[in-house]
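Structure, as structure tokens:
All of the numbers you see were taken from the coordinates with simple rules; none came from a lab. Values in this document were obtained by computation on a predicted structure and should not be read as measured data. We place every Cβ from the backbone using ideal geometry, glycine too, and count neighbours over all the protein chains shown.
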Ligand SMILES: [Ca+2]
Ligand SMILES: [Ca+2]
């Protein structure tokens, strides 16, 4: 489902790239539910899969000692959940809850990220935050005793809350990017869609050393919004496929999409700890972000080199053609 809110003076329309499909949350074979990792042709939400239409996942990427951080600009992440807790970024230079800005960065008690929307250190708020950020983070780093497999372990995830109830302001987005840079962020997850161009945001992203990984959007359209439409060397735009290898029915498509990854019925955890299937190009983004982060950590690549490596190790689809070209699908199988 797509949500839009009308403009006010400071607040601009935001579309959260989230579509929920309820039901089937009682299955316990979690690995089998994670078709995006390994598609053996299993049926997911009444759709029979096609073997091999996945990301070629072999095993969880492991980073022994992370030098950089994955940022997630979203509506907050519930790190109280044990399955993702150990991946939460900790700002060691800040003493918690003493009311003092110990590291003199302008943010008081910013131990675990920041809420740039409300300008406080509560990056997840049970009342205002929804599932979106937690679902994405769990796909990235979540694991549990039932066999749920994370994409990457050893990553540090920094939550940057930039919107609430589908409202945002540009100043918060820009402050979050600047903050993320100061915290050694190498990869940024952007799973939202802004409906208007903003020059200042464009310039801040262009000057950044961060690799931004952004969802293409869920309008089944070649008309896209921002930041996906920004033409930037340090931006990867991600479209979506289903477990058949054909496009996810709502994915935006076209020349601006760099790579496709599974986006339909992605199994993950909500903020309250329950599991379900989620659809939307939002959920393809962490799959690309994890591999890019791994390359950066392993080979000490910069953002442009990492983008090039993600794209060069992807596979060509024989099922999807846009503008007379086969698209490419994310592939972990060629990561070495
Ligand atoms: Ca501080
Ligand atoms: Ca403090």
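Kirkwood hydrodynamic radius computed over segment 213-292 comes to 12.6 Å, based on all pairs of distinct alpha carbons. What do you get for the angle between helix 170-182 and the principal long axis of the chain? Use alpha-carbon atoms, 0 to 90 degrees, nearest ten. Compared with the principal axis, the helix lies near 90 degrees. Ellipsoid fit via the Cα gyration tensor, segment 62-181: semi-axes of 23, 18, 13 Å, each the root of five times an eigenvalue, largest first.
Computed extension length for residue 64-residue 80: 3.4 nm, one decimal, from 0.36 nm per residue of separation with the Cα-Cα distance subtracted.
Here the label points at residue 223 and residue 40, each 7 Å from Cα along the C-beta direction, are separated by 4.4 nm in the simple model. At q = 0.07, 0.08, 0.09, 0.16 Å⁻¹, what log₁₀ I(q)/I(0) does segment 19-334 have when each alpha carbon counts as one equal point scatterer in the Debye sum? Reported log10 I(q)/I(0), two decimals: -0.24, -0.31, -0.40, -1.38.
The distance between label points at residue 100 and residue 233 comes to 4.4 nm (points 7 Å beyond Cα on the Cα→Cβ vector).
Which whole-number percent gives the relative contact order of segment 141-270, counting Cα pairs below 8 Å spaced six or more residues apart? Could the numbers behind the result be given before it?
Values: 184 pairs, mean separation 22.2, N = 130.
Worked out over segment 141-270, it gives 17 percent.
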